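To start, the structure itself, in structure tokens.
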Amino acid sequence: MSVLENAQKLQKMMAEGQSMEAFEKLYHNDVKIYEMATGEIRIGKDAQRKAIIGWFESVQEMHGGGVESLCVDETNEISTAESWFDITFKDGNRMKMQEVAVQKWKDGQIIEEKFYYNMPGQ
């Protein structure tokens, strides 16, 4: 599959509520995740799985979401997705999150991902 096909598959699965299934299928065991707003770095699929599960446990309700743009550089195996989510967290705060994820692919899986977004209150 091309990077575009894999990136589209990732976005489709997430939109259908299959985020964990997409993660298990499309992320490399040695993935490195960079949270650019906080400086946090997670190395390995287990560390990212734990972070995803923790994030979903903090969510009370998803009101909607979508992808604004999806760009791909097939030569360098990079995709960039600009997305948004309207979420209510268990603490009662509701917010519209907007982020850009830059993904480097290797052998049909994400080997590196950087998230760019504003933290609440910034």
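The values are calculated or read from the model by the stated rules, or taken from the named source; none is laboratory data. Remember, it's a predicted structure, so these values are computed and weren't measured experimentally. Positions of Cβ are backbone-derived with ideal geometry, glycine not excepted, and every protein chain shown enters the neighbour counts.
For the stretch 95-122, which positions are within 16 Å of I41 (Cβ to Cβ) and either at pLDDT 95 or above or over 16 Å from the mean Cα position of the chain (by Cα) (or both)? Spell out how you get there, then give the answer.
As a first pass, look at the stretch 95-122 and keep what is within 16 Å of I41 (Cβ to Cβ): 101-104, 110-117.
Hits for the stretch 95-122 are A101, V102, Q103, K104, I110, I111, E112, E113, K114, F115, Y116.
Sort out which residues of the stretch 1-38 are charged (D, E, K, R) and in contact with a strand residue (DSSP E or B) (Cβ under 6 Å, 6 or more places away or on another chain), and write them in order of number.
Of the stretch 1-38, the ones charged (D, E, K, R) are 5, 9, 12, 16, 21, 24-25, 30, 32, 35.
Within the stretch 1-38, K32, E35 meet the criteria.
Taking strands (runs of 3 or more DSSP E) that do not extend beyond the stretch 10-122, which have at least 2 residues that are in contact with a His (Cβ under 9 Å, 6 or more places away or on another chain)?
Values: elements: 27-35, 40-43, 59-73, 78-89, 94-106, 109-117.
The strands (runs of 3 or more DSSP E) meeting that bar are 78-89, 94-106, 109-117.
Please find, among T80, T75, T88, the residue that is closer than 24 Å to M1 by Cβ and touching a strand residue (DSSP E or B) at 6+ places or on another chain (Cβ under 6 Å).
On the way: T75 fails: touching a strand residue (DSSP E or B) at 6+ places or on another chain (Cβ under 6 Å); T88 fails: closer than 24 Å to M1 by Cβ.
Unique residue meeting the criteria: T80.
Checking the condition more than 20 Å from Y34 (Cβ to Cβ) and under 14 Å from the mean Cα position of the chain (by Cα), which residue from G66, G92 passes? If you could, list the steps in order and put the result at the bottom.
On the way: G92 fails: under 14 Å from the mean Cα position of the chain (by Cα).
Going through G66, G92 in turn, the sole match is G66.
Of the residues in the stretch 21-35, how many are touching a residue at least 40 places away in the same chain (Cβ under 8 Å) and either exposed (fewer than 14 other Cβ atoms within 10 Å of the Cβ) or over 14 Å from the mean Cα position of the chain (by Cα) (or both)?
1
Please identify the pairs in which a residue from the stretch 8-20 that is in contact (Cβ under 8 Å) with a residue 12 or more places away in the chain has its Cβ atom under 6 Å from the Cβ atom of a residue that is β-branched (V, I, T) and surrounded by 14 or more Cβ atoms within 10 Å (Cβ to Cβ), counting only partners at least 6 apart or on another chain.
That search, which allows pairs on different chains as well, returns Q11/V67.
So which pairs qualify, if the first residue must be in the stretch 90-102 and free of Cβ contacts under 8 Å to residues at least 40 places away in the same chain, the second must be not in a strand (DSSP E or B), the Cβ gap must be under 7 Å, and the two must be at least 6 apart or on different chains?
Sorted first by the residue in the stretch 90-102, then by its partner, the pairs are K90/S58; M95/P120.
Results for (1) surrounded by 14 or more Cβ atoms within 10 Å (Cβ to Cβ); (2) over 14 Å from E113 (Cα atoms); (3) modelled with pLDDT of 95 or more; (4) in contact with a Cys (Cβ under 8 Å, 6 or more places away or on another chain), shown as yes or no for each residue.
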residue: K9; (1), (2), (3), (4): yes, yes, yes, no
residue: E16; (1), (2), (3), (4): no, yes, no, no
residue: S19; (1), (2), (3), (4): yes, yes, no, no
residue: I43; (1), (2), (3), (4): no, no, yes, no
residue: R49; (1), (2), (3), (4): yes, no, yes, no
residue: M62; (1), (2), (3), (4): no, yes, no, no
residue: D73; (1), (2), (3), (4): no, yes, yes, no
